[in-house]
Amino acid sequence: MDYQELYRLACEARLQAHNPYSHFAVGAALETRSGKVYVGCNVENASYGGCICAERTAFVKAISEGERDFVRIAIVGGKNGEPLQFCAPCGICRQFMAEFCSPSDFEVILYDPDGTPHAYTLGELIPLQFTEKDVL
Ligand code: THU
């Protein structure tokens, strides 16, 4: 799927953000190898540690539906009622992606405020990964 279509889906998902504490809204669109897209938004909680990011929402939705083969994720974010800003995934989300995605092939697509896409490999965003190879 092209980057602009994923951008559109991520923006649509972002509208569902539950963010009464940060007032920062994030949307993500995760594409599987078969071309299906799972979207997610951030969902906050009065117990702040219970907040979940948009990226992990999308992954958890997909994984719980049996998906395991992912090609890329598009991420958009910004403060409520303000223009979008370049929004990179947090460290926990990068680690979460590393559990399921190839560092060399999986793409993370981030966007300038004007919607211009920038593609990164997961390995660029989280080098020297700690993964199952270290544990098993
Ligand atoms: N957030 C995301 O959803 N994804 C990120 O990668 C960065 C942060 C959310 C978490 C919280 O609800 C709000 O943005 C402010 O941190």
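The values are calculated or read from the model by the stated rules, or taken from the named source; none is laboratory data. Quick caveat: nothing in here was measured; it's all calculated off a predicted structure. Quick reminder, even Gly has a Cβ in these numbers, built from the backbone with ideal geometry, and neighbours come from all protein chains shown.
Some values worked out for this structure:
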| item | result |
| --- | --- |
| Those residues of segment 85-107 which are away from the ligand (no atom under 13 Å from the Cβ) and either crowded, with 18+ Cβ neighbours inside 10 Å or of a type in the set (D, E) (or both), in sequence order | A98, E99, C101, D105, F106, E107 |
| Single residue of L110, L30, L9, L15 found to be exposed (fewer than 13 other Cβ atoms within 10 Å of the Cβ), of a type in the set (A, V, I, L, M) and either at negative phi or at pLDDT 95 or above (or both) | L15 |
| Residue that is surrounded by the most Cβ atoms within 10 Å (Cβ to Cβ), among those in segment 33-80 that are away from the ligand (no atom under 13 Å from the Cβ) and of a type in the set (V, I, T) | V37 |
